[in-house]
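The values are calculated or read from the model by the stated rules, or taken from the named source; none is laboratory data. The model shown is predicted, which means the values in this text are computed figures rather than measured ones. A quick note on method: Cβ atoms are made from the backbone with ideal geometry, for glycine too, and the neighbour counts reach across all protein chains shown.
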Amino acid sequence: MQPRVVGIDPSLTATGIALPGRLSSFQTGQLRGVERITELRDAVRSCIYAPDADLVAIEGPAYSRQLGAGHHEAAGLWWAIACLLVQYRVPYAVVPPTVLKKYATGKGNATKADMRVALLKRTGEDVRDDNQVDALWLRFMGLDWLGFSPIALPAVQRDAMTKVAWPEVTRGEH
């Protein structure tokens, strides 16, 4: 049986979540600050808790980006989700943005458009929400790590997985 892997792309504007058979973006409308972070954290909780996720692949913070006004809130959201995963004892892997891009496209500096095109070419899915695209690639990477790759990728792209600190989880056979 295929493990239940969830991909999460934390974003203050629309956190992307890829579940088996479902892509979602959770938005908070006019909420700001703690209220926004709480609502997004609770949306993630509903996705990992019922039924329990076997593994979560979450995009790590983009440290190379310039610090903007929302940096503090974005960091708060990331840590709120990480704390939730620890609280519910969900194994998770933090995937740096450049590693995710390398896995998806073969280039660590790929653009959002490159990520969408790579998804379209590999799966035939034309997903227009960049947060959902990233979440789906994160889910694919987690499944691939566990031995249940949903798509065929060249070895150079799959090698990106070695740059991630994966938790101890039972892996399947390739």
Look through Arg128, Arg122 and report the one residue that is among the basic types (Lys, Arg), exposed (fewer than 13 other Cβ atoms within 10 Å of the Cβ) and within 20 Å of Gly16 (Cα to Cα).
Arg128
Residues that are modelled with pLDDT under 95 and touching a Phe, Trp or Tyr at 6+ places or on another chain (Cβ under 7 Å): does region 84-94 have at least one?
yes
The residue from Ala113, Ala160 that alone is out of contact with any Leu (no Cβ under 7 Å at 6 or more places or on another chain), part of a helix (DSSP H, G or I), at pLDDT 95 or above and more than 16 Å from Ala57 (Cα to Cα) is Ala113
Against the conditions (1) of a type outside the set (A, V, I, L, M); (2) touching a residue at least 12 places away in the same chain (Cβ under 8 Å); (3) more than 18 Å from Ala165 (Cα to Cα), where does Asn109 fall short? Just the number, please.
(2)
In region 119-130, is there at least one residue being assigned to a helix (DSSP H, G or I) and touching a residue at least 60 places away in the same chain (Cβ under 8 Å)?
yes
